[in-house]
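Novice: This is the structure I have questions about; it appears just below.
The values are calculated or read from the model by the stated rules, or taken from the named source; none is laboratory data. Keep in mind it's a predicted model, so treat the numbers as computed, not measured. A quick note on method: Cβ atoms are made from the backbone with ideal geometry, for glycine too, and the neighbour counts reach across all protein chains shown.
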Amino acid sequence: MRPRFLFALIWLGFTALANAQENPQLKVGGGTIDVYFDPAPASQLRRLVLDWIATAARAVTTYYTKFPVPHVAITVNFHDGEGVDSGRAFGWEHAHISISVGLATTAADFADDWTMTHEMVHLAFPTVPRSHHWIEEGLAVYVEPIARARSGDLTPQKVWGDMVDAMPQGLPKSDDRGLDFTHTWGRTYWGGALYCLLADVEIRKRTGNRMGLEDAVRGIQKSGGSIEVEWPLERALEAADQAIGVPVLEDLYNRMRATPVSPDLNELWKELGIERHSKTVIFDDSAPLAAIRRAITEP
């Protein structure tokens with residue numbers, strides 16, 4: 001082999017290794033995740049970020065049985081400070097997540113963070129018209145902690161305690177006109193999450209706890225739905241209901257789309273067997289819907 005040719009091959013090998021180190025690739029749940037750093041972090045922070053991304057990907061894979069898209073590019077932008085500030089998922093041309101991380105972020109910060117899992121949940125649902133933004137955000141708010149609980153990263157007590165505390169933010173106020181026509185922060189994020197909770201419980205009631213919301217959204221995926229395609233919401237809900245064999249999501253949407261619906265959350269928590277005592281959550285396994293509660297969050 002000629003020296004010049006040998007040198008060229010060695011140089012190409014070093015270049016490929018350097019690129020792999022700067023822009024690593026993860027494979028989780030049948031999906032490929034390309035990670036891009038801006039700027040390149042120190043080695044310790046780099047390892048923490050990659051572990052954080054892989055942990056979120058495993059949680060989402062646990063919920064959907066596979067990673068939501070075949071390929072996603074994740075851009076991690078670093079800034080001075082600590083913690084994860086914001087994230088956003090896109091489906092234009094291909095799936096992409098952009099997220100902002102502080103250079104002083106610790107392993108404990110990453111373990112507590114929900115943002116990466118939230119953004120990955122977005123990958124599994126088709127892009128819908130702006131008036132239905134509540135389903136995109138509500139599904140991500142609802143599924144994120146459940147996926148993390150099922151993968152062992154959160155306890156069921158933590159998930160249900162947070163729901164008891166936060167879900168009332170999704171209830172309609174006096175001037176509410178339904179989910180499609182009330183675009184406040186509370187109704188978009190927690191109103192959408194409330195829709196998902198009610199749907200999950202109703203699906204399990206009507207299928208003898210054999211199926212849940214995860215089976216419905218998996219049906220959307222099997223029909224070709226993901227963030228990379230644009231669908232009418234009705235098409236997504238129809239695919240979801242066909243997968244579970246009962247028209248729960250369509251019927252609930254028709255009830256909540258243009259009318260304020262205020263379920264009795266205190267009664268629902270009681271039926272699920274969830275008791276909130278200060279900072280402690282106690283489960284009552286003799287409650288009527290205790291089996292449904294367990295099925296939603298237990299690994």
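Novice: Pairs please, first residue from the range 229-248 and surrounded by 16 or more Cβ atoms within 10 Å (Cβ to Cβ), second anywhere and polar (S, T, N, Q) and at pLDDT 95 or above, Cβ atoms under 7 Å, 6+ apart in sequence or on different chains.
Specialist: Note: pairs meeting the criteria are A239/S223; I244/T207; V246/T207.
Novice: Just wondering, is there one or more residues in the range 45-61 that are in a strand (DSSP E or B), at pLDDT 95 or above and either over 21 Å from A140 (Cβ atoms) or touching a Pro at 6+ places or on another chain (Cβ under 8 Å) (or both)?
Specialist: No, every residue in the range 45-61 fails to be in a strand (DSSP E or B), at pLDDT 95 or above and either over 21 Å from A140 (Cβ atoms) or touching a Pro at 6+ places or on another chain (Cβ under 8 Å) (or both).
Novice: Which pairs do you get when a residue that is not assigned by TED's automatic domain parsing to the domain that holds P145, found in the range 205-216, comes within reach of a residue that is surrounded by fewer than 19 Cβ atoms within 10 Å (Cβ to Cβ) and of a type in the set (V, I, T), reach meaning Cβ atoms under 8 angstrom, with the pair 6+ apart or on two chains?
Specialist: Close Cβ pairs satisfying both conditions: none exist.
Novice: Being among the aliphatic types (A, V, I, L, M), part of a helix (DSSP H, G or I) and farther than 19 Å from F125 by Cβ is the filter here; which residues of the range 154-201 pass it?
Specialist: V159, M163, V164, A166, M167, V201
Novice: Let me ask you something else. Out of the residues in the range 119-132 that are assigned to a helix (DSSP H, G or I), farther than 23 Å from T75 by Cα and in contact (Cβ under 8 Å) with a residue 24 or more places away in the chain, which is farthest from the chain's Cα centre (by Cα)?
Specialist: The extreme case among them is S131.
Novice: Taking the stated definitions as given, is G161 under 26 Å from G30 (Cα atoms), more than 14 Å from the chain's Cα centre (by Cα) and not assigned by TED's automatic domain parsing to the domain that holds L26?
Specialist: Against the criterion (under 26 Å from G30 (Cα atoms), more than 14 Å from the chain's Cα centre (by Cα) and not assigned by TED's automatic domain parsing to the domain that holds L26), G161 does not qualify.
Novice: Please determine whether any residue of the range 104-119 is over 28 Å from K158 (Cα atoms), at pLDDT 95 or above and not polar (S, T, N, Q).
Specialist: No, the range 104-119 contains no residue that is over 28 Å from K158 (Cα atoms), at pLDDT 95 or above and not polar (S, T, N, Q).
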